[in-house]
Amino acid sequence: MAPPPTKTEMAPLATAEDALPTPPGIDERLFVASVAKAMKVLEAFDRTSTNLSLSDIAIRTGLGRSASQRFIYTLERLGYLDRDEPTKRYALSRKVFRFAHQAASSNIGLEAAYPAMRELAEQTRETISWVEVDGAEIVIIATVPSTHISSVNLPVGTRFPALSSSSGQMLLAHSAPSHVEKVWAASHPSVPQRTKAANAAEMMRILETVKGIGFAVTEKNMEQGSISVSAPVHDRAGRAIGAINLSTLTTRYDRASAIRDLAPVVARAALKATETLIS
């Protein structure tokens, strides 16, 4: 762990540029802005940027160099950031995994779905994931890897725009239109192009279609072309709380064969998980 900065190394006290705007709908009497800023520092790290300098973090968070330095120092002292002395770059520490483990181990939807996911993985040999919606994105909560040499890799924590993903479409299809409009407004600019929907109304028609058939299928152009098939898992109240997703490569299935051969088994796995959850 790095020693505390000396007086000559320390950045100046916070300035107006370090302040972040308060999110809408927030009660400022209860909102602790410093906690929000600390979380923003942690959220600066992602799959493509696992090691960041002080300057990188200041730019990514918009906090300014002085505030970033203080939050980095605090988070490092608490054990949530690691510092590489030769490069003076920072990374999330192993302590952060504590939260991921606790979130996954207390997820009753995942607990109910996992046996069906394992069975589906054995049956198809494809990548099977438990997916949930987080705002305008989906997040991979758990994955059973494919046994194929070439396969889709979906590490836990991976995120995609919800409306252009099969899991997101399947889950948002069970949401109120007003919520879908909010998600559309907050979505990544790639969503209209990928979904071919020009506005929220057209997107809702797409969602109504997938809701009616009980599964959704989307295609992605990553390192290799891939196809994603998803079906929802419901709780006792009938809410779609998560989706079972199967991801495969277009070298093994095209869209038509994925709908014919994969969608029915994914839908059965989701139904089995739902029955386990509500039993």
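Please indicate, with yes or no, whether at least one residue in region 190-206 is part of a strand (DSSP E or B) and at negative phi. No, region 190-206 has no match at all.
So is residue 146 more than 22 Å from residue 267 (Cα to Cα) and part of a loop (DSSP other than H, G, I, E, B) or not? Walk me through it before giving the result.
Numbers: more than 22 Å from residue 267 (Cα to Cα): no; part of a loop (DSSP other than H, G, I, E, B): yes.
Against the criterion (more than 22 Å from residue 267 (Cα to Cα) and part of a loop (DSSP other than H, G, I, E, B)), residue 146 does not qualify.
Considering only region 81-100, state which residues are assigned to a strand (DSSP E or B) and of a type outside the set (A, V, I, L, M, F, W, C). First the steps, then the outcome.
Pass one, region 81-100, residues assigned to a strand (DSSP E or B): 81-84, 89-92.
The answer is 82, 83, 84, 89, 90.
For residue 129, the conditions (1) modelled with pLDDT of 95 or more; (2) more than 20 Å from the chain's Cα centre (by Cα); (3) of a type in the set (S, T, N, Q) are fulfilled apart from (2).
Filtering region 207-224 to residues that are in contact with a strand residue (DSSP E or B) (Cβ under 7 Å, 6 or more places away or on another chain) and either part of a helix (DSSP H, G or I) or not hydrophobic (A, V, I, L, M, F, W, C) (or both) leaves 210, 214, 218, 219, 220, 224. Looking at region 256-265, is at least one residue touching a residue at least 60 places away in the same chain (Cβ under 8 Å) and over 17 Å from residue 138 (Cα atoms)? Yes, region 256-265 contains at least one residue that is touching a residue at least 60 places away in the same chain (Cβ under 8 Å) and over 17 Å from residue 138 (Cα atoms). I'd like to know if region 53-64 contains one or more residues that are in contact (Cβ under 8 Å) with a residue 60 or more places away in the chain and either at negative phi or acidic (Asp, Glu) (or both). Within region 53-64, none of the residues are in contact (Cβ under 8 Å) with a residue 60 or more places away in the chain and either at negative phi or acidic (Asp, Glu) (or both).
Here's the yes/no breakdown for (1) under 25 Å from residue 157 (Cα atoms); (2) touching a helix residue (DSSP H, G or I) at 6+ places or on another chain (Cβ under 7 Å); (3) modelled with pLDDT of 90 or more; (4) loosely packed, with under 12 Cβ neighbours inside 10 Å:
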| position | (1), (2), (3), (4) |
| --- | --- |
| 21 | no, no, no, yes |
| 28 | no, no, no, yes |
| 37 | yes, yes, yes, no |
| 56 | yes, no, yes, no |
| 72 | yes, yes, yes, no |
| 83 | yes, yes, yes, no |
| 89 | yes, no, yes, no |
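Applying the selection to region 145-186, what residues are surrounded by fewer than 19 Cβ atoms within 10 Å (Cβ to Cβ) and among the β-branched types (Val, Ile, Thr)? Of everything in region 145-186, those that are surrounded by fewer than 19 Cβ atoms within 10 Å (Cβ to Cβ) and among the β-branched types (Val, Ile, Thr) turn out to be 147, 149, 156, 158.
So, in region 144-162, exactly how many residues are in contact (Cβ under 8 Å) with a residue 12 or more places away in the chain and over 13 Å from the mean Cα position of the chain (by Cα)? Spell out the reasoning first.
As a first pass, look at region 144-162 and keep what is in contact (Cβ under 8 Å) with a residue 12 or more places away in the chain: 144-148, 150-162.
Right, trim to over 13 Å from the mean Cα position of the chain (by Cα) and you get 144-148, 150-153.
Residues in region 144-162 being in contact (Cβ under 8 Å) with a residue 12 or more places away in the chain and over 13 Å from the mean Cα position of the chain (by Cα): 9 in total.
For every residue, the table says whether it meets (1) modelled with pLDDT of 90 or more; (2) assigned by TED's automatic domain parsing to the domain that holds residue 270; (3) under 30 Å from residue 123 (Cβ atoms).
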| site | (1), (2), (3) |
| --- | --- |
| 158 | no, yes, yes |
| 161 | yes, yes, yes |
| 166 | yes, yes, yes |
| 169 | yes, yes, yes |
| 191 | yes, yes, no |
| 215 | yes, yes, yes |
| 231 | yes, yes, yes |
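The values are calculated or read from the model by the stated rules, or taken from the named source; none is laboratory data. All of these numbers come straight from a predicted model, not from anything done at the bench. Virtual Cβ from ideal backbone geometry, glycine too; neighbours counted across all protein chains shown.
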